[in-house]
Amino acid sequence: RYTVWVDHIPKLEDTAVSMVVEVLDGPPVVAERAMYWGPSPEWIDGHVSLGASQLGTTWVSAGAATGERGASTYLLIGNPSRETARVRATVLLDGGGASISREFTVLPTSRFNIAFAPGGSVHFPEVLYGRFGILLESLDGVPVIVEQATYRDAGSVPWEAGSSMPARRIR
């Protein structure tokens, strides 16, 4: 087992990053994204997601929430390509209602976060308090990787709990 401590790499502390793990010679490997928060070394919580093994142009993610118990959800979009990806995120509201779509640009070999977070940089202010799913489509066919992370408060402790999961690739 080998761990890459991204926050120990100069200039990457507190930076949104994604990475590609490629086996050049040898057996296949398993990669994961583990995240811990709170004052180190006594972290208060953490989560882990299995690394994606396929790129895709259409993804769906369920169980997103904002507002309830301080919930903040983020859709993390990785673009390992050398081409810019133009994507459309569509919010699918629990209980029905009109969906809401926005388009974003994800630069080559980068990660872009769509925030659904009260009090922060919010890309969909219409859904600051509620539950929803998210459909993510690459409009120009550039394949991407998508993950969802949600953080919640517990009592007076902000972001005391969190979860992450890969989105489901449709195409």
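The values are calculated or read from the model by the stated rules, or taken from the named source; none is laboratory data. Values in this document were obtained by computation on a predicted structure and should not be read as measured data. FYI the Cβ positions are ideal-geometry reconstructions off the backbone, even for glycines, and counts take in every protein chain you see. Side chains are part of the model used for accessible areas, which takes the heavy atoms of the whole protein and leaves out ligands, DNA and RNA. Shrake-Rupley method; radii C 1.70, N 1.55, O 1.52, S 1.80 Å.
If only one of SER18, SER40, SER53 is among the hydroxyl-bearing types (Ser, Thr, Tyr), open to solvent by 90 Å² or more (accessible area, probe 1.4 Å) and at pLDDT below 85, which one is it? One residue alone meets the criteria, SER53.
Consider the stretch 5-15 and keep the residues that are more than 15 Å from ARG111 (Cα to Cα) and surrounded by 10 or more Cβ atoms within 10 Å (Cβ to Cβ). The one that is farthest from the chain's Cα centre (by Cα) is ILE9.
Among the numbered conditions (1) open to solvent by less than 50 Å² (accessible area, probe 1.4 Å); (2) part of a strand (DSSP E or B), the only one that SER81 does not meet is (2). Annotation for the stretch 98-120: at least one member residue is hydrophobic (A, V, I, L, M, F, W, C), surrounded by fewer than 17 Cβ atoms within 10 Å (Cβ to Cβ) and under 30 Å from ILE44 (Cβ atoms). Is there a residue in the stretch 45-58 that is farther than 20 Å from SER163 by Cα, among the β-branched types (Val, Ile, Thr) and touching a residue at least 40 places away in the same chain (Cβ under 8 Å)? Yes: one or more hits. Name the residue that is nearest to the chain's Cα centre (by Cα), counting only residues in the stretch 131-148 that are not acidic (Asp, Glu) and not in a strand (DSSP E or B). The extreme case among them is PRO143. The residues of the stretch 122-156 that are in contact (Cβ under 8 Å) with a residue 24 or more places away in the chain, open to solvent by 20 Å² or more (accessible area, probe 1.4 Å), hydrophobic (A, V, I, L, M, F, W, C) and over 21 Å from THR84 (Cα atoms), listed by number, are LEU128, ALA154. Each residue in the stretch 155-169 was checked for being of a type outside the set (A, V, I, L, M) and in contact with an Asp or Glu (Cβ under 9 Å, 6 or more places away or on another chain), and 5 of them qualify. Residues in the stretch 92-103: is at least one closer than 23 Å to VAL20 by Cβ, at pLDDT 90 or above, in a strand (DSSP E or B) and not aromatic (Phe, Trp, Tyr)? Looking for residues that are closer than 23 Å to VAL20 by Cβ, at pLDDT 90 or above, in a strand (DSSP E or B) and not aromatic (Phe, Trp, Tyr), one finds none in the stretch 92-103, hence no.
Can you find even one residue in the stretch 108-130 that is out of contact with any strand residue (DSSP E or B) (no Cβ under 7 Å at 6 or more places or on another chain), hydrophobic (A, V, I, L, M, F, W, C) and part of a loop (DSSP other than H, G, I, E, B)? No - not one qualifying residue is present in the stretch 108-130.
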